[in-house]
1. For segment 30-47: of the residues being of a type in the set (Gly, Ala, Ser) and over 16 Å from the mean Cα position of the chain (by Cα), which is surrounded by the fewest Cβ atoms within 10 Å (Cβ to Cβ)?
2. Return the total of residues in segment 13-22 being surrounded by 14 or more Cβ atoms within 10 Å (Cβ to Cβ) and assigned to a loop (DSSP other than H, G, I, E, B).
3. For segment 23-59, which positions are touching a residue at least 40 places away in the same chain (Cβ under 8 Å) and in a helix (DSSP H, G or I)?
4. What residue, among those in segment 82-117 that are out of contact with any strand residue (DSSP E or B) (no Cβ under 6 Å at 6 or more places or on another chain) and closer than 19 Å to residue 39 by Cβ, is surrounded by the fewest Cβ atoms within 10 Å (Cβ to Cβ)?
5. Please identify the pairs in which a residue from segment 145-158 that is of a type in the set (Val, Ile, Thr) and surrounded by 13 or more Cβ atoms within 10 Å (Cβ to Cβ) has its Cβ atom under 6 Å from the Cβ atom of a residue that is modelled with pLDDT of 90 or more and assigned to a loop (DSSP other than H, G, I, E, B), counting only partners at least 6 apart or on another chain.
6. Just checking, how many residues over segment 119-128 are part of a loop (DSSP other than H, G, I, E, B) and either at pLDDT 95 or above or closer than 20 Å to residue 15 by Cα (or both)?
7. Taking the options 10, 27, name whichever one is buried (at least 17 other Cβ atoms within 10 Å of the Cβ) and not aliphatic (A, V, I, L, M).
8. Run down 38, 51, 29 and say which single residue is within 18 Å of residue 124 (Cβ to Cβ) and not hydroxyl-bearing (Ser, Thr, Tyr).
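The values are calculated or read from the model by the stated rules, or taken from the named source; none is laboratory data. Values in this document were obtained by computation on a predicted structure and should not be read as measured data. Ideal geometry is used to build each Cβ from the backbone, glycine not excepted, and the neighbour counts take in all protein chains shown.
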Amino acid sequence: MTENEYDVICEEGVSCPLDDDEIAAICDRVLEEEGVGRPCMVSVSLVGEGRIRELNAEWRGVDRATDVVSLECERPDDPSLAPGEPCELGDIVLAPAYIARQATAFGTSEADECRLLLVHGLLHLLGHDHLDEEEAVAMEAREDELLGLIPTDGTLDRVVITRHREEEGA
């Protein structure tokens, strides 16, 4: 298996229901299942709602808090990367307090909701999106498949409707 690197950064006062080892294991599994054959570097930041709102406004033009923001750097299939050269995939920014409220609304555990959003964010870094109905259905199906391959609390029945659909027009 390819040796990936993860930099997990937790803003002061923020806690996450997943530890660094589980975050790395989930990312490793997604990268493996997506057929990524080169080492990747991924940053996972856990931030408060104020910070995620700033990032959402800056990068997506949506001035409100959200659960996850993905900031892509390089793609693993970039022809400018030398064979075996690590790919700086990008940053996944999670807002655990927002995710906790969302878990209650969707009837999932905080940890499972965080697992889903980590998978969701990583799929965005790999080029998946949900800008139209066809893309959303395909991405949701892939999330379901991947979540079936990682240990969960069992509260995620099916993704069914991406949590971000209502934000698309915002």
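1. Only one residue fits best here, namely 35.
2. Result for segment 13-22: 4.
3. 23, 25, 26, 27, 29, 30, 31, 33, 49, 51, 52
4. The selected residue is 83.
5. 155/108; 155/109
6. 1
7. Only one candidate passes the filter, namely 27.
8. Just one listed residue meets the conditions, 29.
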